Every structure is written in C-alpha cells, then in structure tokens.
1. Among the residues in segment B:350-358, are any surrounded by 24 or more Cβ atoms within 10 Å (Cβ to Cβ), touching a residue at least 24 places away in the same chain (Cβ under 8 Å) and not aromatic (Phe, Trp, Tyr)?
2. Any residue that is of a type in the set (S, T, N, Q) and over 18 Å from B:Ile67 (Cα atoms) - is there at least one of those in segment B:373-380?
3. Of the conditions (1) surrounded by 15 or more Cβ atoms within 10 Å (Cβ to Cβ); (2) over 18 Å from the mean Cα position of the chain (by Cα); (3) at pLDDT 80 or above, B:Gly52 satisfies every one except a single condition; which number is it?
4. Among the residues of segment B:581-603 satisfying the criterion of being assigned to a loop (DSSP other than H, G, I, E, B) and touching a Pro at 6+ places or on another chain (Cβ under 7 Å), which is nearest to the other protein chains (Cβ to nearest Cβ)?
5. Just to be sure before I move on: is B:Ala460 farther than 30 Å from B:Ala155 by Cα, modelled with pLDDT under 90 and not hydroxyl-bearing (Ser, Thr, Tyr) in the structure I sent?
6. Hey, any hits in segment B:484-500 for a residue that's outside any strand (DSSP E or B) and within 14 Å of another protein chain (Cβ to nearest Cβ)?
7. Give me a count of the residues in segment B:212-270 that are under 26 Å from B:Thr157 (Cβ atoms) and in contact with an Asp or Glu (Cβ under 6 Å, 6 or more places away or on another chain).
8. Of the conditions (1) basic (Lys, Arg); (2) under 47 Å from the mean Cα position of the chain (by Cα); (3) more than 12 Å from chain A (Cβ to nearest Cβ), B:Lys543 clears all except one; give me its number.
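The values are calculated or read from the model by the stated rules, or taken from the named source; none is laboratory data. Keep in mind that what you see is a predicted model, and the values were worked out from it rather than measured. Cβ sites come from the backbone with ideal geometry, for glycine too, and all protein chains shown count toward neighbours.
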Amino acid sequence: MTEFKYLIQDPIGIHARPAGLLAKLAKSFEGTTVYLTKGGNTVKASQLMKLMGLGVKAGDEVTIGCEGGDEAAAAAALEQFFKENL
Amino acid sequence: MALDYRKCAEEIVANIGGAGNVVSAAHCATRLRLVIADNAKVNKAVLENIDGVKGMFESNGQLQLIIGTGTVNKVYDEFLAVTGLTAASKADVKAAAAAKDPLWRRILKVPGDVFVPILPAIVASGLMMGLVEAIPKFWPAFGQSDWFSFLDLVANTAFALLPVLVAISSARVFGGNIFLGAVIGLMMVHPALINAWTVGNYAAGEIPTWHLFFFNVQQVGYQGHVIPVILAVLLMSTVEKWLHKKVPEMIDLFVTPLCTVLITAFITFTIIGPIFSLLENWVLAGAKWLASSLPGAVVMGAIYPWTVVMGLHHMYNVIEAGMIAQTGLNTWMPIASAANFAQFGACLAVALKVRNQKTKSVALPASLSASLGITEPAIFGINFRFMKPFLCGMAGGAVGSLFGALFGLGAPVYGVTGIPAIPAVNNVPLYLVELLISAGVAALLTWFIWKEDAPAAAAAPAEAAKAEVKAPEAKIEVPTNTVISCSAGEIKAPVAGKVIPYTEIPDQTFAAGVLGEGVGIWPEAEVVVAPYDGEISSVAESKHAIGITGAEDMELLIHIGVDTVAMNGDGFEVLVAEGDQVKAGQPLVKFSKEKIKAAGHPDVVVTLLTNSDDYENVTIHQ
C-alpha cells in the first residue's frame, strides 16, 4: 500500500465534478485499487457515490492509498490530480 | 433578560396558523390553552422552541402551551391583543373542546376545573394553616395568644366556608350566574344550620329536622363538602338557563332568579345533599382504604402523577378534607408528597444531566416549583415529555408512599405537599426522610435510565418536515416516463419535466459525461422521487444531490441544479437518509425552483447513471 496525505484547497471540496474526475482516474489504473480516507472513513475512490458521501471540504486532510499493481505510478498520478484539481 | 411577551405571543400566533385558526383561548396557572380549528396548520416543532414556551402538548382537544406561572397571563394578554380575540373563560374553551372529549372524561375533569381557579385561596390558607398550627407545637404559649386566634381565623376562613368558593367557581364552570351560585354556596353553610364539623356532638334525636312533604331533612350544613355543592350549582345553572329561555322577558328578571334559587335549594337539601354526602363518604372510604393499606398506598403513590396529567388531582382536596373531617389526620398528603417530590427528583436529575440549555432552563425552575407542591411545570414541561423521568418518578412515588404509610405519616391540613407541608406534618424528621427517599429514588433512576436523546431535538424538526410534505405527497405526480435504459433495467424520471440528453446540460462536467451518462430534466415539479427501488447510497451535505443504488448496482446520481453546491442546502429539504431503503416513486428531496433561480443557477435536475460504463446498451429516452 502506497499512501500520501493531501490537504484540500478547493473551497467546494470533492463534489460532483472533481469526484467524477477522481473516480474516473481511480478506475483507470489496471490492477490498482485506490482508497480515500477522511476522518476514519475509508471508501474506494472509484465509487463515485461513496466519494461524494464523504463530504470532503476545503481544509479537510484526506489520505489516499493505492494497493496492488503499480502503486507508485498510481500514487504519483493521483497526487498530480489532487494538486491540479483540489 | 425578561421575556418579551408581545414577541412570544406573536410567534405563537404565527405558528398556529394565524389568528383565524384560533377557536378560543384561555389560560390556567401555567398553560396557555388554545382550541385550534385546523391542527394541520400548527407548526409544533417551531412552537416548542419559541422563547418563553417551555413545552407543548395536546390534551382534551386543546393545544396547551406551557409558559409558566406569572408569565402566562401576560403572554395571554398579548395573545388576545395580537389575535383580536376576546378573553374566553376556561369554560368557553372547555365547551369548544368538549365536542372532542368523551363524557366520562368531562365529568372527571369538573372537580379540577372548579378547583383550579380557587387554588390561590386554598394554597394561601393551607400554607398559613400549616405555619399557624405548627408554631404552638414549639411554643405552646402562642396557642393561647390573641395573635394565634386571629391568624387561625384568617387561615381557616377559606376552609371553613369552602362550599362558597366551590359554588362560585362551579357557577363559572357551568355558565350559571355566579352570584346565584354564591347564594347556593352560602345557603349550604348557613349559620342557622348545624355545622357539619360539629354535628358529631349531637345525639341522633337532637338534630333538628324539617318535614317537607315526605322528606325529612336534617338541618345540617355542608361544611367540608365539595361534590354536593358542585352538583347543586350544576342543577342551578341548568334550571337558570332553562328558565331564561321559557320565562317571558318582562318578568324574567325576578321570576328566573327566584325560581332558580327555590328549586335548587329544595332539591339540594332533599335529594342531592343526602345522596351525595353518602356517596362522598364511600369514595373517601375507598381512598382512605387505599391510603391506609400498604399496597394501596404504594399503588396510589405510583399512579398519582397520572391523575395530575388528567387534571384529577384537585379532586383529592375532597378526599383530604374528608380525612381531616373524619380522623383529623390527612394521611393522603404523604402519598401526594411522595409522588410530587419524586417528580421533583426526576426533574432535578434531568436538570443536572441535560446539556441542552433550553431544557435545563426549564427543568431547574420546574423542579423548584415541584418541590413546593406545584408539579405541573415539571410534569408537563419535562418529565412527561421525556416519559422516562416520569416513570422513574412513579417508582419514587411508590417507594416514598410505602415509607410514609409504614411510619403513619400525616398532617392535619390539606392543599399542600412537599416542602410547605413540613411545618404541618406529624413527624418532621420521618417526613424529610420520606421526601428524600422519593426524590432520591426518582433522581437516581432518572440519572441512570434516562439519556438525553441528542437526535430527539433533531428528530422533531425532521418529523415536522416529513409531516409537512405529507400533504403534498399525495398530490405528487410520479413520472412514469423512462429516461434511461440499459442492460440492468429501466430508470424512470425522478421529476416531471422536459428531458434533455446529458450532453445538453449547461455544465461542462456533466455534459462531458465525466460523471456518467444520463439526462437533464428541466423540472415542472419541486419534489424528486426515487426512480426505482433501491438504497440511498449518498446524500450530499449541501442537500442538493443524492445517490441511489438500484438493481445490478446501478448507481444513479440525482443532482438538482448546476453549481447548487454553493447554496449550502438553502432551498433543499432531504426527506431520506443515507442507507434508507426506498421504493420507486417515494419522495427523496424537496427543492425550491425559485431559490435556485434566485441564487443564479440553472435548475435542471441532472440524472446520471454514474457507472454507465459497466452496462451495455445504455440508451437515453427523451
């Protein structure tokens, strides 16, 4: 499991648009499962509904974990995504 | 800060459907009693949280708002000013509510209705009697002084001539002329009659008797009696009203009162009096039996607060007065004290435990009042509302009564319980122990059993919200058109309106299909319903979006409006919670098109199958 933490900057947080993009990205890694944790709740980042249900907002710190496959590459791509979009 | 009576009244009026929805209004010692035309217009959740309103419940067809002693009358005055209603006597309110009330209950409530208005007189006299009669116990010389004689006279006036007060109050309750009522009451304790308290000093043959037709009427007064007085005045009021209708107006002024008094007096002394003195003695015997046996006292101590809820407890003055008349010792008082003090204990435990400031601010003064014997604020404002403290109070009352009965506690007075009764009881230390036991048991049980129901406060508005949509719920037209179909099934429109493909939704993200394929619907209604049977998988914190999982794990996102996340929930009302199982057509979210427009957003209801990639033949139907 490769993990990194990220402090959300986007005022709206992980809502529809970024959530959709994130879920799409999370699904794109062959053999890698992406998890997102906020305040003790962990969901699969590929599950859009669960992702939105977390209600991640600006100022929240989330932990992103990648498991299986090319974890390092997935984590790097995700980190890039977070910096650009959230 | 002092309560703004005007503001309080205005808020009440605003939340009971306006002045037009009020049939009548009255108040008692602590409560504003309203008869409402259409109860559906009453916004209970808001009412309860109005500053000044300590609680609310419905009883006997009335909406009763607990406001508090000394405050309720001021709020009531403002309420009348705000609504333009004229002051309704409690009888009017009762009459208006009567249609909704079963007969037996109306009968049971009469003694309470009669006693409530004269409570100040009884409480003042009761307290004074307790004090005046307690002093000679510590200072015998005082018993011989002029001051004692004078104060005793002042104190016992209300009791010695109680039928007069009862008659006047009854006349008001039954709608008779209160001065004629006073005449009936005065007649029943006329000095020419042998005083009921001293009739025992006469041998049976010595009591003077009238021979009227075939009735032999003993010339004995009705001191200490209550029910015969109430019945006499009920008869009087009925006769009076009947005569008013039948007698020609010209002679009405002298014929009606004359005949009313004459007929009432005759029937009272010959029939009502003798029969009901007898019945009253039986009732008292029953109560005395309950109060004198250990199991009876325990039962009475437990069920006592229920009789307070039903407004029957004022009738116990009759029982207490009867006990004093017969044995000189009121053994009912320890039972009532145990029951009342247990409610005090339960209420105090709530006051100490509760975090909600509003509840705390009610519970503290309410418990103080209960310790002085006035339990309505504690029972109606706190214990009965949360129910568990009330039940714990019943347990405390039962245990305390058991103790009181075991040690033969009693008092030579009535009308007081709790702390004010201390000077009057026959054994102060034991009485204190009884109070401590009653309150202690109730408080400890409450402390451990009752938990502050955090969601209770939140649940109330949620329930209100549900109730609110209940009415429109019936009118909601559940759309029947399919908007999306795929290998997993068909998805109906969640809201009626013009359907557009997702590519035409005025938002780049949605239109690009990033969140899946689907449609946009320009809504013609303001309620989103479930498009299929399923489970609510997510509810956005800002209430504008909801996810619902259906057959074959179809994940549908219903997103109301574009960029409406910025509205932070304003204009949206979610009717379900995450994890709820819902049925197709069930309302999920209520929203305001007007507010969305006002916030500058398109109100298109975005309906997307977020995992459309997982299915085949995803087709959009317009």
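1. We begin by selecting, within segment B:350-358, every residue surrounded by 24 or more Cβ atoms within 10 Å (Cβ to Cβ); these are B:350.
Subsequent filtering for residues that are touching a residue at least 24 places away in the same chain (Cβ under 8 Å) retains B:350.
Cutting the leftovers down to not aromatic (Phe, Trp, Tyr) gives us B:350.
Checked segment B:350-358: at least one residue is surrounded by 24 or more Cβ atoms within 10 Å (Cβ to Cβ), touching a residue at least 24 places away in the same chain (Cβ under 8 Å) and not aromatic (Phe, Trp, Tyr).
2. Taking segment B:373-380 as the starting set, the residues that turn out to be of a type in the set (S, T, N, Q) are B:375.
Then drop every residue that is not over 18 Å from B:Ile67 (Cα atoms), which leaves none.
No: segment B:373-380 contains no residue that is of a type in the set (S, T, N, Q) and over 18 Å from B:Ile67 (Cα atoms).
3. (2)
4. Within segment B:581-603, the subset assigned to a loop (DSSP other than H, G, I, E, B) is B:583-586, B:592, B:599-603.
Filter once more, so that each one left must be touching a Pro at 6+ places or on another chain (Cβ under 7 Å): B:584, B:602-603.
Values: B:Ala584: 18, B:Pro602: 14, B:Asp603: 15 Å.
Top of the filtered list is B:Pro602.
5. Details: farther than 30 Å from B:Ala155 by Cα: yes; modelled with pLDDT under 90: yes; not hydroxyl-bearing (Ser, Thr, Tyr): yes.
Yes.
6. The initial filter retains those residues of segment B:484-500 that are outside any strand (DSSP E or B), namely B:487-488, B:493-496.
From the residues that got through so far, the ones that are within 14 Å of another protein chain (Cβ to nearest Cβ) too are none.
No - not one qualifying residue is present in segment B:484-500.
7. First pass over segment B:212-270, keeping only residues under 26 Å from B:Thr157 (Cβ atoms): B:218-234, B:236-237, B:261, B:264-265, B:268-269.
From what is left, the residues that are in contact with an Asp or Glu (Cβ under 6 Å, 6 or more places away or on another chain) are B:227.
Here the count works out to 1.
8. Looking at each condition in turn, B:Lys543 falls short on (3).
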